[in-house]
Amino acid sequence: MDRYGMQNQIACIRSLFDQGYLDEQFIQLEELQDDANPNFVQEIVTLFYTDSTRLIQNIELTLNSRPINFSKLDDYMHQFKGSSSSIGAKKVTSECAVFRQYCAAGNAEAYIKQEHAILRKKLEFYFQMMGQAAVAQTT
Amino acid sequence: MAHTLPSSDQSSDQDKWDSGGLECKGQLLIKIVMRNRLTALVVDGDTTCWVQEQELLHSYGVQTLGVDNSRDAVDLIASDAEFNLIIIEKILPVLNGLEVTRQICEIGVRCKMLEVTACSGESERQAFLAIGVDVFIEKPLDPEHLVPILREVDGQ
């Protein structure tokens with residue numbers, strides 16, 4: 001990877017850390033990536049978004065049902081917190097912990113979805129940059 | 001009879017395996033030298049967590065088998081599959097983690113058992129420890145918590 005590409009990549013990921021979207025767990029994922037598993041980070045993040053999108057749909061259904069099944073909701077939020085913490089999605093993880101407070105106010109769903117969508121955009125930009133850096137390296 | 005496990009990342013593990021042991025790379029990934037090739041069962045219904053935990057274990061040369069529901073976990077243990085380490089999440093399809101752990105302990109499993117879960121209170125922690133879980137860890141599973149356990153199981 002050329003120097004410019006590396007600097008851009010570092011700046012991008014540092015920004016995600018500075019803004020509190022990612023924590024050290026994400027660095028650990030990058031360290032687990034190696035020649036035998038070169039796309040591990042992108043694969044696990046993609047997996048997270050597939051699983052969590054489904055979880056959010058389940059949360060939506062649960063919130064829209066009457067009466068609300070809080071036990072089921074707790075289980076979904078438990079899973080959501082677990083998988084987001086596994087990829088280092090710091091902000092999403094911490095918002096899961098305050099979910100119940102917003103639940104009472106009736107706007108929990110919108111809040112979680114907003115954080116989820118923001119992180120997704122930022123991670124897509126990061127992977128786009130990594131792709132550009134890889135291309136720059138080969139040219 | 002030990003259950004035949006699907007192989008882990010063998011080419012990567014072969015590269016890292018030397019005559020003395022297995023070294024782990026990285027800065028956050030704490031470096032240790034393993035004497036033995038350990039085996040682990042990972043029981044978690046969430047794929048992201050399952051993948052992360054197994055990859056972390058693979059990086060230490062641990063051969064893993066993952067199941068995503070409690071029924072498969074109990075059936076596996078009941079069929080005499082043997083592991084050095086079992087990692088269980090609290091919320092699981094079919095039976096909850098506490099019940100699965102109880103059933104596994106009743107079968108007579110004596111290996112190291114780790115409860116790795118997203119959130120819980122002190123009463124839940126105590127409940128798991130009371131039925132035979134050795135260590136209770138909040139997700140994500142990280143080297144800081146895993147390495148001392150691996151060292152102990154490895155006889156270091």
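The values are calculated or read from the model by the stated rules, or taken from the named source; none is laboratory data. Please read all numbers here as calculations on a predicted model, not as lab measurements. Positions of Cβ are generated from backbone atoms using ideal geometry, with glycine treated the same way; all protein chains shown enter the neighbour counts. Ligands, DNA and RNA are stripped out before the accessible areas are found, and what is left, the full protein with its side chains, is counted by its heavy atoms. Shrake-Rupley method; radii C 1.70, N 1.55, O 1.52, S 1.80 Å.
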Exercise. Which condition number in (1) more than 13 Å from every other protein chain (Cβ to nearest Cβ); (2) at pLDDT below 90; (3) in contact with a Ser or Thr (Cβ under 7 Å, 6 or more places away or on another chain) is the one that B:Ala2 fails?
Worked result: (3)
Problem set entry | So B:Gly97, is it at pLDDT 90 or above, open to solvent by less than 30 Å² (accessible area, probe 1.4 Å) and within 17 Å of the chain's Cα centre (by Cα) | no
Seminar exercise, completed: Checked against (1) in contact with a helix residue (DSSP H, G or I) (Cβ under 6 Å, 6 or more places away or on another chain); (2) free of Cβ contacts under 8 Å to residues at least 24 places away in the same chain; (3) under 24 Å from B:Leu141 (Cα atoms), A:Asn58 satisfies every condition except (3)
Exercise. Does any residue of the stretch A:91-100 turn out to be under 23 Å from B:Leu56 (Cα atoms), away from chain B (no Cβ under 11 Å) and modelled with pLDDT under 75?
Worked result: no
Seminar exercise, completed: Within the stretch B:135-156, restricting to residues that are buried (at least 16 other Cβ atoms within 10 Å of the Cβ) and in a loop (DSSP other than H, G, I, E, B), the one that is nearest to the chain's Cα centre (by Cα) is B:Leu141
Problem set entry | Candidate set from the stretch B:7-53 (those that are touching a strand residue (DSSP E or B) at 6+ places or on another chain (Cβ under 6 Å), modelled with pLDDT of 50 or more and facing another protein chain (nearest Cβ under 10 Å)); member that is surrounded by the most Cβ atoms within 10 Å (Cβ to Cβ) | B:Glu53
